[in-house]
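Contents: one structure, followed by commentary.
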Amino acid sequence: MADLHSGMRRIILAGTLASAMALALTLTTSSPHAQAASLRFSVTLPPGQTAIDGRLLVMIAKDPTAGEPRFQINDGPSGQLIFGMDLDGAKPGSVVTLDGSVIGF
């Protein structure tokens, strides 16, 4: 009977340890909040007379020989990144910042 309890304790301990390690790995590698603060893009809007409405897109591509980044955006394994935000009455010449709160694809 003592061997049964000892074996059960080892199984429970191993399962708990594995669960804790998996949770720690998940929280440190895939948490968007952990990585969000480090990435930021500031874009200066063009000067002009009227407010700017529309969508601001920032595209990131790692292969400069593959052409413009907009042509590298796709849903395949080699797809590159695109982030966007709506502009509604933005002042010409102002600076708009995209940070980790902006949804990307």
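Every number in this text was worked out from the coordinates using simple rules, so none of it is lab data. Remember, it's a predicted structure, so these values are computed and weren't measured experimentally. Neighbour counts are summed over all protein chains in view; Cβ atoms, including those assigned to glycine, are modelled from backbone coordinates with ideal geometry.
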Once Val58 and Asp86 are pulled to full extension, the length gained, defined as 0.36 nm per residue separation minus their Cα-Cα distance, is 8.9 nm
Extending each Cα 7 Å along its Cβ direction at Phe71 and Thr97, get the distance between those two points in nm, one decimal.
3.5 nm
Check which residues have an amide H placed less than 5 Å from Ile73's amide H, if you skip close sequence neighbours.
Gln80
